[in-house]
Amino acid sequence: MLRFISAGESHGECIIAVLEGLPAGLDIDTEFINQELARRQLGYGRGARMQIEKDTVKILSGIKGKKTIASPMALMIKNKDFSINELAQITEPRPGHADLSGALKYGFSDIRCVLERASARETAARVGAGAVCKLFLREFDIDVKSRVLSVGGEKTQEKIKAKIDNARKSNDTLGGIFEVQADGVPVGLGSYVQYDARLDARLAFALMSIPAVKGVEFGIGFAAAQRIGSEVHDEIFYSQKKGFYRKTNNAGGLEGGMSNGEAVIARCAMKPIATLGKPLSSVDIKTKKQVRASVQRSDIAAVEAAGVIGEAMVSLVLAEAFLERFGHDQMGMIKKNYKKNT
Ligand SMILES: Cc1cc2nc3c(=O)[nH]c(=O)nc-3n(C[C@H](O)[C@H](O)[C@H](O)COP(=O)(O)O)c2cc1C
């Protein structure tokens, strides 16, 4: 089993990712992990925090030299803004955030105790761990990428920029849709034999766990519900050179809870950022008086970054399913097994 957990607060000392279950003998390229961390911080519409933090990883365990030794990997990303104990208390919960439910659940009188962990800063850990999984997948020519399909309903770069500029001017925010695509995924990752083995379900869980993602679809997804079967299902062909193949990929590379050899394609809908410059109505958790929600340093839109996080989550799931299918102790053994069985 490949296991990943994270620790760390937005303005705490650091963000930590622990990744356990990787085989021994995987080459770890720290520079690649740093490049992925930098990609998470990019995108038009990001807030001031992205100028403060220039994330870099320190690998604390799990490698000797530059190779994994099968023990848990701990990745540390330091926070430049380590001010959690100096920051002012917050009592005005922001609609659309974990603020109110989190404070009620854990009995906090200071909402900072919630937002420090609920913040999307945590996703730096996911991108760090996901980058390690990408390095593993690349050994087998599996490539995971993402692209922004729309922001605030706009599709072209120019219109997206203008929409973000307008939202910034009017102190508002935007969401959008991003797509994650994995090429080179072999047939048979995941399984139909049990509900929690299904690759589509595991990918949906992983993608849905990204803060602000409210919808996930594979292939043509929701559009399939409006079409007749003959216009949806991808017909099967065979050639000596390609083996079994399809001419269409409406299924997004997933049938019966397994990869089918075509590109795995997921699309995610991200809601608008919940911290507004012109804050919405809220209620002070101490005084119970009607107030305006608190305003924190914030992004206007972060769809491109969410796509990078989507790549990380897809890479984590694919790496785990790959290790289940082709073995998990040593890179050499896995490579032999992969060659023999694909
Ligand atoms: C890359 C990324 C950056 C985000 N940046 C912000 C931000 O600057 N301000 C904010 O209020 N929400 C931001 N969010 C969204 C919140 O983290 C998220 O909406 C909130 O935690 C509530 O969770 P939920 O939307 O899943 O219910 C961001 C999300 C992602 C994926």
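In table form, for the structure just shown:
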| item | result |
| --- | --- |
| Three-way shape label, segment 76-118, alpha-carbon gyration tensor, a/c 1.5 | prolate |
| Those GluC sites (Glu not before Pro) in segment 1-105 that DSSP places in a loop and that have at most 10 other beta carbons within 10 Å | GLU86 |
| Fluctuation leader among VAL314, VAL180, VAL193 - the chain, Gaussian network, Cα springs under 10 angstrom | VAL193 |
| Segment 178-267: radius of gyration and largest Cα-Cα distance (Dmax), Å | 13.5, 45 |
| For q = 0.18, 0.19, 0.21, 0.25 Å⁻¹, Debye-computed log10 I/I(0) when each Cα of segment 237-281 counts as one equal scatterer | -0.65, -0.69, -0.78, -0.95 |
| FRET efficiency, THR287 to PHE222 (Cβ-Cβ, R0 30 Å, nearest 0.05) | 0.10 |
| Residues GLN194 and VAL232, FRET efficiency given R0 of 22 Å [Cβ-Cβ distance, rounded to 0.05] | 0.30 |
| Backbone HN-Hα couplings from phi across segment 77-84 [Karplus 6.51/-1.76/1.60, Hz, Gly and Pro as x] | 10, 6, 8, 6, 8, 9, 10, 3 |
| Scaled radius of gyration (Cα, divided by 2.2 N^0.38 Å) that segment 6-116 gives | 1.31 |
| Distant-in-sequence amide H partners of LEU254 (H built 1.01 Å from N, under 5 Å) | ASN260 |
| Angle in degrees between helix 199-208 and the longest Cα principal axis of the chain, rounded to the nearest 10 | 20 degrees |
| Inter-part distance where segment 109-174 and segment 195-258 are each reduced to a Cα centre, Å | 23 Å |
| Over 18 Å (Cα to Cα) - which of LYS66/LYS134; LYS134/LYS155; LYS214/LYS271; LYS80/LYS105; LYS67/LYS134 fall in this group | LYS134/LYS155; LYS80/LYS105 |
| Gaussian network model of the chain, springs between alpha carbon atoms under 10 Å - residue of ILE52, ILE77, ILE228 with greatest fluctuation | ILE228 |
| Choice from ILE309, ILE16, ILE84 with maximal GNM fluctuation in the chain (Cα, 10 Å cutoff) | ILE84 |
| In degrees, nearest ten, helix 30-40 long axis to first principal axis of the chain (Cα) | 50 degrees |
| Net +/- balance of residues flanking PHE136 in space, Cβ distance below 15 Å, scoring K and R +1, D and E -1 | -4 |
| Distance cut-off 27 Å, percentage of C-alpha pairs in the chain lying past it | 50 percent |
| Helix 303-326 vs. the chain, principal-axis angle (Cα, 0 to 90°, nearest 10) | 40 degrees |
| Fewest-first sequence of PHE322, PHE178 by Cβ atoms within 10 Å of each Cβ | PHE322, PHE178 |
| Residue-span extension gain [GLN89 to LEU42] - 0.36 nm each, minus C-alpha spacing | 14.0 nm |
| Segment LYS161-ARG3, extension gain: residue separation times 0.36 nm, minus the distance between their alpha carbons | 53.1 nm |
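Each reported figure results from applying straightforward, stated rules to the coordinates on display, with no laboratory input. Just so we're clear, the structure is a prediction, and the values are computed from it rather than from any experiment. So basically every Cβ, Gly included, is an ideal-geometry build from the backbone, and we count neighbours across all protein chains shown.
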